[in-house]
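Notes for the one structure printed next.
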């Protein structure tokens, strides 16, 4: 009985310690987001108060009005949404077709594996290595300061990730399903559209979320390829408000809070697919 009581006590202490560590981790992760949110609704006096005012302050929406009425953050937000949506759509369309081909067809001389490794190798280059060549290419094509240049570049950077993610998802699906559809008179493309893609919906959702996050948050290439406000994305626009004379912390925080919302809404809308999609392609049956 005593051993059983000691074991139960140790289990309770372990459970309490585990929950305490989880609570600390959640607080550490949420603290910067909460601080940005509070800065966006604080007056300048409250922003620089010492000690910091975490809860006791008078909220104001002046920074949001300044960011999206007086300044150009509204146009930056629209540009980011267009670029992220188009690049994600292009990368998902092209990458899904390529992944299906590599997962279902056998190429001669082991080209499947070689092509897969070559596609993966393009993700090994740091973005800074390609910044100057991409700038020169877009300049020669007269695509600088355009949304098209960002869509093309982000699509190219997301393609290897899409291909590698979707290959794992397609390999988990039995071939017999699409073969049965083709026996019933459907084409290969029709079987892909009507049978395979609905079953791979969790993988598509998980991959799309990652592509959208990468395109939405990318800063370096957007800074290099856009030099005017005509095609400037939100991360570049926010960073551009840091000058040698002043830093508008409230305005930048307000823009940052709004920048989080589209990704958060999209991730929550596909949440039911996301967890299953993250694990589907990682386990082979």
Those residues of segment 36-61 which are closer than 22 Å to residue 246 by Cα and surrounded by 16 or more Cβ atoms within 10 Å (Cβ to Cβ), in sequence order
36, 37, 38, 39, 40, 41, 42, 46, 47
Could you tell me which residue of segment 232-261 is surrounded by the most Cβ atoms within 10 Å (Cβ to Cβ), considering only residues that are over 27 Å from residue 58 (Cα atoms) and modelled with pLDDT of 85 or more?
233
When segment 82-102 is checked residue by residue, the ones that are surrounded by fewer than 23 Cβ atoms within 10 Å (Cβ to Cβ) and under 18 Å from residue 216 (Cβ atoms) are 82, 85, 86, 89, 90, 92
Taking the stated definitions as given, is residue 177 free of Cβ contacts under 8 Å to residues at least 60 places away in the same chain and more than 22 Å from residue 229 (Cα to Cα)?
yes
Can you name every one of the helices (runs of 4 or more DSSP H) wholly within segment 103-189 that holds 3 or more residues which are surrounded by fewer than 16 Cβ atoms within 10 Å (Cβ to Cβ) and modelled with pLDDT under 85?
111-121, 175-183
For segment 54-81, give me the residue count where each residue is in contact with a helix residue (DSSP H, G or I) (Cβ under 7 Å, 6 or more places away or on another chain) and closer than 14 Å to residue 235 by Cα.
9
Quick one: is residue 206 part of a helix (DSSP H, G or I), within 29 Å of residue 125 (Cα to Cα) and at pLDDT below 90?
yes
Against the definition (surrounded by fewer than 11 Cβ atoms within 10 Å (Cβ to Cβ), modelled with pLDDT of 80 or more, in a helix (DSSP H, G or I) and assigned by TED's automatic domain parsing to the domain that holds residue 147), how does residue 265 come out, yes or no?
yes
Go through (1) in contact with a helix residue (DSSP H, G or I) (Cβ under 7 Å, 6 or more places away or on another chain); (2) in a helix (DSSP H, G or I); (3) touching a residue at least 24 places away in the same chain (Cβ under 8 Å) one by one and return the number of the condition residue 33 breaks.
(1)
Lone qualifier among 84, 99 - being in a helix (DSSP H, G or I), in the same structural domain as residue 257 (by TED's automatic domain parsing), in contact with a helix residue (DSSP H, G or I) (Cβ under 6 Å, 6 or more places away or on another chain) and closer than 22 Å to residue 148 by Cβ
84
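Results for (1) touching a helix residue (DSSP H, G or I) at 6+ places or on another chain (Cβ under 6 Å); (2) within 20 Å of residue 88 (Cα to Cα), shown as yes or no for each residue.
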| site | (1), (2) |
| --- | --- |
| 122 | yes, yes |
| 135 | yes, no |
| 141 | no, no |
| 155 | yes, yes |
| 161 | no, yes |
Test: residue 79 is part of a helix (DSSP H, G or I), under 21 Å from the mean Cα position of the chain (by Cα) and surrounded by fewer than 14 Cβ atoms within 10 Å (Cβ to Cβ)
no
Would you check if residue 74 is part of a helix (DSSP H, G or I) and either in contact (Cβ under 8 Å) with a residue 40 or more places away in the chain or under 26 Å from the mean Cα position of the chain (by Cα) (or both)?
yes
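The values are calculated or read from the model by the stated rules, or taken from the named source; none is laboratory data. In this text the structure is predicted, and so the values were computed from the model without any measurement. FYI the Cβ positions are ideal-geometry reconstructions off the backbone, even for glycines, and counts take in every protein chain you see.
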